[in-house]
Amino acid sequence: MMARKGTGGDTVSEYLDQNPHLARWVESLRDPCESSKQWAARREFILRNMEAFPAGQAGLDRLLSLSMAWANHVFLGCRYPQPVMDKIREMADGVEVHEAPVRKTRDELMGRVKRPGAPGGEDGCVKRPSASSGEGHSRGVPPPAKPGPSPHAPAQHQPFFNRLYKAVAWKLVSEGGFGPNLDHFEILRSCVETSKASLSCVIVPLKDIPDLPAGRAQKEGQVCELRCQGVYLGTGYGRDEDAARAMASKEALKTFQGRKVTVKICRRRFRGRDVEDVVLVDEQPRGSAFPPALGYPFPVRDSALLAPPTSL
Amino acid sequence: MGVPAFFRWLSRKYPSIIVHCLEEKSKECSGVRVPVDTSKPNPNEVEFDNLYLDMNGIIHPCTHPEDKPAPKNEDEMMVAIFEYMDRLFNIVRPRRVLYMAIDGVAPRAKMNQQRSRRFRASKEGVELAEEKHKMREEVIQRGGYLPPEEIKERFDSNCITPGTEFMNNLAKCLRYYIADRLSNNPGWRNITVFLSDASVPGEGEHKIMDFIRRQRAQPNHDPNTHHCLCGADADLIMLGLATHEPNFTIIREEFKPNKPRPCSLCGQMGHEIKDCQGMAKEKKGEHDEFADSIPVSEQEFIFIRLSILREYLERELTMASLPFPYDFERSVDDWVFMCFFVGNDFLPHLPSLEIREGAIDRLVGIYKDVVHKTGGYLTESGFVNLERVELIMQAVGVAEDNIFKKRKEDDEGFKRRMKEKKKRMKAEQGPAYLPTGQFAPQAIGGQGRPHAIENARHAAYEMRMQGMNQHNMNAAQSLKAKMRNGNKSSAGPGDQDSRGMKRKAEDSDSEPEPEDNVRLWEEGWKQRYYKTKFDVDVTDDEFRKKVVKSYVEGLCWVLRYYYQGCASWKWYFPFHYAPFASDFKDIKNMFTDFEKGTKPFMPLEQLMGVFPAASGNFLPTSWRALMSDPDSSIIDFYPDDFAIDLNGKKYAWQGVALLPFVDERRLRAALEQVYPDLTTDESKRNSLGSDVVFVAKSHPLCDFIIELYHAESHEGTEIPAELCHGILGTLNLDDDPILPNKPVESPIPMLRDISQNSAVGIKFMDPQYKEDYIFKAVVLPGAKIPNKVLKPHDWEQSNHRPWRPQLGFNPNRQQAHLDQSGFRALGHHVNRNRGGGQYGHGPSQSQHRGGPYSNAPPPSSYHQGNFHRGQPSSYSCNRKRTFSQYVSLSHVLSMWLGSCVKHQDWRVSIISLRIGSAGSLFLGLRGSFRMVNLAITNSPTPISPTFTPVRVKNILIKVINVNIPDHSCF
């Protein structure tokens, strides 16, 4: 049972071997129907955080509850209100789960993805080395979450986008090449889905965007930003949501016209300030800066900026 | 249990168990509704003793109906519930007992299902409101019209859970309802009414079962009581069989799939919310006078006769050449048990057993084999013989592999057929050939009568030639196409583009299939199943054993629950998925007994256990906080979004909701802190209540109860068996009783107080038995098994008469038919333009129209309501007696009069009669033409010569020169 766990788990079991008293105590907290895998992860979660909670049943129950909330999130796919998510994310820092199951929440199933950057199960709440990129092996523990994307993100995502690049290329060939008369969104969506991921859109009315270049005459219409696996693909403007989405898809597909695509960390405007974002770029040097970000999937220092998620 | 699927399967396999209900409708005279006298014999030709209402099956459709606009407020909901119960009472007409049971706090085993329903309902409600809002804006921007938004709050159906204020109010309203009907309705005069509201723990149907079980275990029980249980759940059928009462009938709404629903945005029929255009409302009738009439047909009821199901089962389950005498009753119990494998509310069903794939037949086959081999049955009085169950499971397990493969094949075949069908439909929109000219089809009831056919031969010739030309043209076209494309394309029009179409269909046409990682049809399915569903390796035997053990416990618990009552309030199945049948190995010792002395949750505790945080408004503030505060010690119970595993299904609502389970210890510990915050009212709602029994003054038990109140005896008193048809139980004084001559205040503003109350109520407790008492699952001595209804297998050999099937309950039922004079009358009056009768005159004759016997059929869209004021024409929507479709009321009446002398027991039950001065007969009836049908039902009691004259505003028909037959000659 112990052998199958990763490095973190081994330390834990060693530690428990040296403290049989503690081992017995923590074992009593196991749910009889919990799988060993889940229990190993939750045990580590408990052990890492037990000092922060007051001794006694009430404190323990709070810890247990948060450990269950975290385990439910990781293994069952539950989502909790944001304050709870923030808290368990913080507490889970350092706990590594291998091959956590990938679940689709009800909202995602109903096409109501509210959280920018949520698909792929990567939400910063748990390090899911394998789930994030869809590859089988696990990777080293990224440094603890600091504001902005992790510096390893481009390397993590590059393989996926290489595959997506191929998928898009073939799809465009079968559609007769890139051109203005395609259903760009449909093409992008189907390619992303054949690559076993999903697109997320953030749509915001134009008038709600603070960072617009001055002198824009238009005030009506919608702006759409597309992301895949948390990586920014493109922005588009249109009269209504569909048109905006189509335009954003077209912009994103343009990126795929080069000889390759690269995941990079770039600076963008977001709600009136500069933030670091993971973006997908082609080889051409970009003439202008990126459009301001509409949604931002990474923690920002000022929590008020983690703005209300916008729905599709 | 997969309710529609199980019921559909059962009613297809055993069609004779279903009998349609006949319902007598109340009349309306001068705008006053005259209630039906339910003390009269039951029009269904059967008399029921006890009617049990599983109230949740009534509350849900009345508070948030699917096929009509929702009631505006709580008061309207209550009135709708009352009306629904009145309808049921009118159909069933119980003579002894009416038992109403509302779901109380359920056993823990049910909590997972309740949680998942409520978490989903809450999200669905929010989504609908959002969609409504979005669509509304869109429609209004496009210039559409929508009725103004109602001010009413969204009704959260989650409040139909014990412990909420709504349920409390409902209990109050039901007390009022019972007192009112006992005081004012003659049909209720002699019945005993039991009310088990939400404060009494237990699910409604199981409280009813407990009542029946505990009554029949005491010596005064009448073994020939005819029970009728109302509710739509398929497990009621199981419960009914489990009682082993010979006369048991279930009544439920007829299940009609794909019933039209009104658009939830504009309230009109014919489209869904996402297609709402905001069109102006279609005018109903010339001056929109029918705007309020409900455009859908009223839901009809059916009886499910369990005695006939038992007959069917006896045929199917009987095993010849057993080493011991065959006992049908035991094999019924085993059948019930096997149905649990296929689905029940407490356990997920086994992946290999799917009711649509004939799982029950498969099980029955295996079962007979096992009984032969092991020499015994699977169950006894609700206790399971696990050794034999293991044999069954192993036999299913052997086939599992093939079942999954076959399922995949069937599934693909189905998809292929659907695709082809879709293609066909696309290709040929509309019929292949339509006659034109004077042969062109015309709408029924459309403007302008069809003309007589002229020169038919010539017209037919022309059409023929036209068809030939068309054919030639097609051939030419396909030839051209062939030449264009070389020999790539085969012959036939439309074929040349099939290549392009096909590709497209494969690429993007079909909706994206949910990804299925388990692929049960491929080698290694077991491994993948455990990995994806449980996130464990298949080598983890210990874990797998745990799942199997829990499932085995579950089977034992469920069977015990059905036969003996709740064995443990605490037990539950702690996984989201079932194991495979082949995993049931060495299960013999996996289960011994349940923990004794467990207690149900208190109502508010259970609310905390089943509600999502979004329904927290039903809870006290400090309790509610526990659902959202990050520092709450039970925050993990309340995710605001959760994963749904489609598990091979297509829609989110069919999938498995992966909700965390509730840790009872932590829940109780957390609530301990907030218990002091309850107000007195909330504490009262949080307490467990008692059943209450009500009777009217005329009931023999009434004086006994009043005596108890006078004596103020504060200990329980047994009901004397002779006062109440042998029903026993303990009575305890009610704190705030309903007493005769004590006015009952109406809890609903639109209903009046009862000033002349003649009902009395008192707390009631079922007869008590020792904890280890076992209720025997047998037919009681003295019970008469009802006559056989099904056609005997050897009928042809032994009889030379043709078999006459029995319709309905009465074996000697008179078949309604018309004699010669009736047919003549019919033929004489039927509208010739619509294919007249055998004595039709000629097509040109139409002077009948508009005459005193006008027979124009009514506009086709309004089947209901009394809009035919003063028009003696008739239109019936009862499909059982089709001859009335185009026959006007006067014809029906004359047919009736023509044949009532011959058919002895025809009786006018709705139509009131008055004999005029010159021997003429006046027939009055309400403008609703359903009544006419009922008028022709035959009834066992002859028509009574003493008619109560009723003045009728709407219709007064005079039929001259009819001799009213004397009573004796009927």
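Projecting the Cα atoms of A:Gly177, A:Ala244, A:Ile203 onto the charge dipole of segment A:153-305, computed from C-beta unit charges around the Cα centre, puts A:Gly177 farthest toward the positive end.
Listed by chain and number, the aspartates and glutamates placed with their C-alpha closer than 15 angstrom to that of A:Lys264 are A:Glu276, A:Asp277, A:Asp282, A:Glu283; residues fewer than eight positions away on the same chain are left out. Within the full protein context, the accessible area of B:Tyr577 is estimated at about 10 Å² for a probe radius of 1.4 Å. Determine the shape class of segment B:1-120: with a ≥ b ≥ c the square roots of the Cα gyration tensor eigenvalues, call it rounded for a/c under 1.5, and otherwise prolate if a/b is greater than b/c, oblate otherwise. Oblate shape, in that a/c is at least 1.5 and b/c is the bigger or equal ratio. Anisotropy class assigned to segment A:153-305 is oblate, per the alpha carbon gyration tensor with a/c at or over the 1.5 cut-off and a/b no larger than b/c. Please work out whether segment A:2-107 counts as rounded, prolate or oblate from its C-alpha gyration tensor, where a ≥ b ≥ c are the square roots of the eigenvalues and a/c under 1.5 means rounded, while otherwise a/b larger than b/c means prolate and anything else oblate? Since a/c reaches 1.5 but b/c is at least a/b, the shape of segment A:2-107 is classed as oblate. Counting charges near B:Leu350 (Lys, Arg +1; Asp, Glu -1) among other residues having Cβ under 11 Å from its Cβ returns a value of -3.
Quick check: residue separation of B:Ser11 and B:Gln141 times 0.36 nm, minus the Cα distance between them. What number comes out in nm? Could the numbers behind the result be given before it?
Details: separation 130, 0.36 × 130 = 46.80 nm, distance 4.87 nm.
Gain on stretching B:Ser11 to B:Gln141: 41.9 nm.
Bridgeable aspartates and glutamates around B:Lys25 (alpha carbons under 14 Å apart, same-chain partners fewer than 8 residues away excluded): B:Asp37, B:Glu83, B:Asp86, B:Glu298, B:Glu300. Here the label points at A:Asn19 and B:Asp327, each 7 Å from Cα along the C-beta direction, are separated by 6.0 nm in the simple model. The charge dipole of segment A:7-97, taken about its Cα centre with unit charges on the Cβ of Lys, Arg, Asp and Glu (plus for the first two, minus for the last two), comes to roughly 300 debye. The modelled label-to-label distance between B:Gln218 and B:Ala427, using points 7 Å beyond Cα along the C-beta direction, is 7.2 nm. The residue among A:Gln57, A:Pro20, A:Ala40 whose Cα reaches farthest toward the positive pole of the charge dipole of segment A:7-97, with charges on the beta-carbon of Lys, Arg, Asp and Glu, is A:Gln57.
Please list, by residue number, every one of the trypsin sites (Lys or Arg not before Pro) in segment B:593-661 that is coil in DSSP and has at most 12 other beta-carbon atoms within 10 Å. Each step should come with its number before you reach the end.
Values: sites: B:Lys596, B:Arg624, B:Lys649, B:Lys650; in loops: B:Lys596, B:Lys649, B:Lys650.
Here the sparse-neighbourhood loop sites are B:Lys596, B:Lys650.
The distance separating the Cα centre of segment B:670-719 from that of segment B:540-580 comes to 35 Å.
For the residue pairs B:Lys13/B:Lys419; B:Lys423/B:Lys533; B:Lys531/B:Lys585; A:Lys260/B:Lys531; A:Lys207/B:Lys68; A:Lys166/B:Lys421, alpha carbon separations beyond 31 Å are given by B:Lys423/B:Lys533; A:Lys260/B:Lys531; A:Lys207/B:Lys68; A:Lys166/B:Lys421.
Within the same chain, aspartates and glutamates fewer than 8 places from A:Lys171 are excluded, and of the rest, those with a Cα less than 17 Å from its Cα are A:Asp183, A:Glu186, A:Glu193, A:Glu251, B:Glu506, B:Asp507, B:Asp509. Loop-located chymotrypsin sites (Phe, Trp or Tyr not before Pro) in segment B:609-673 (DSSP state not H, G, I, E or B) with no more than 15 neighbouring Cβ atoms inside 10 Å: B:Tyr651.
The amide H of A:Ala197, built 1.01 Å from its N in the peptide plane, has no neighbour under 5 Å, considering only residues 5 or more places off or on other chains. Just list whichever of B:Lys123/B:Lys596; A:Lys250/B:Lys526; B:Lys207/B:Lys549 have alpha carbons separated by over 32 Å in the model shown. Too far apart for the 32 Å limit: B:Lys123/B:Lys596; A:Lys250/B:Lys526. For the pair segment B:516-539 and segment B:85-107, the centres of their Cα atoms are 46 angstrom apart. With all protein chains in place and ligands, DNA and RNA left out, the 1.4 Å accessible area ranks A:Arg62, A:Arg48 as A:Arg48, A:Arg62, largest first. Give the separation of the Cα centroids, segment B:31-54 to segment A:190-207, in Å. The distance from the Cα centre of segment B:31-54 to that of segment A:190-207 comes to 60 Å. With a Förster radius of 45 Å applied to the C-beta separation of B:Ala476 and A:Ala289, the computed FRET efficiency comes to 0.10.
The values are calculated or read from the model by the stated rules, or taken from the named source; none is laboratory data. Owing to the predicted nature of the structure, the values given are computational and were not obtained by experimental measurement. Cβ atoms come from the backbone with ideal geometry, glycine included; neighbour counts cover every protein chain shown. Please note that ligands, DNA and RNA were not included when accessible areas were found on the heavy atoms of the full protein model with its side chains. Shrake-Rupley method; radii C 1.70, N 1.55, O 1.52, S 1.80 Å.
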